[in-house]
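The values are calculated or read from the model by the stated rules, or taken from the named source; none is laboratory data. Keep in mind it's a predicted model, so treat the numbers as computed, not measured. Backbone-built Cβ (ideal geometry, glycine too); neighbour counts: all protein chains shown. Please note that ligands, DNA and RNA were not included when accessible areas were found on the heavy atoms of the full protein model with its side chains. Shrake-Rupley method; radii C 1.70, N 1.55, O 1.52, S 1.80 Å.
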Amino acid sequence: MKLIKTFLLAFFALLTAQATQAQTVAKSKDKAAGTEQVKLKTSAVCDMCKARLEKSLAYEKGVQAAVLDVPTQVLTVTYRADKTSPEALRAAVQKTGYDADAQPADERAYNRLPECCKKTNAVHTGGN
């Protein structure tokens, strides 16, 4: 008799756990509905720039994804609109050392960039 009670209790606990899991999944779908995307033109030119920008934006509150397309220099950021704004994301790009749209990079952050990532590099100026 004790074995049957234990089995029924375990079975009930398993069913309860599955019901709780299903409710959690439904809530996460609601969060995805509040996301937006912004595309920022940057001064980034190489894979090192790409890694630096994507990593930097990953630490920004509300950012869910940041992907830089190196050939076009466009950074696409997926973010939660209730946590951050396009202006805050532009400022984060500037603080990383890169231009964001028409706004210039933070000078101090720009000076810390490797030489290959700076605007004076031949890649930026069109030189060989």
* **Selection count where residues are open to solvent by 40 Å² or more (accessible area, probe 1.4 Å) and among the aliphatic types (A, V, I, L, M), scope segment 99-121** => 1
* With the condition kept exactly as written, say whether any residue in segment 78-98 is within 12 Å of Arg52 (Cα to Cα) and surrounded by fewer than 20 Cβ atoms within 10 Å (Cβ to Cβ). => yes
* Filter result for Val93 (part of a strand (DSSP E or B) and modelled with pLDDT of 95 or more) -> no
* Asked: Is it fair to say Ala51 is among the hydrophobic types (A, V, I, L, M, F, W, C) and touching a strand residue (DSSP E or B) at 6+ places or on another chain (Cβ under 7 Å)?
  -> no
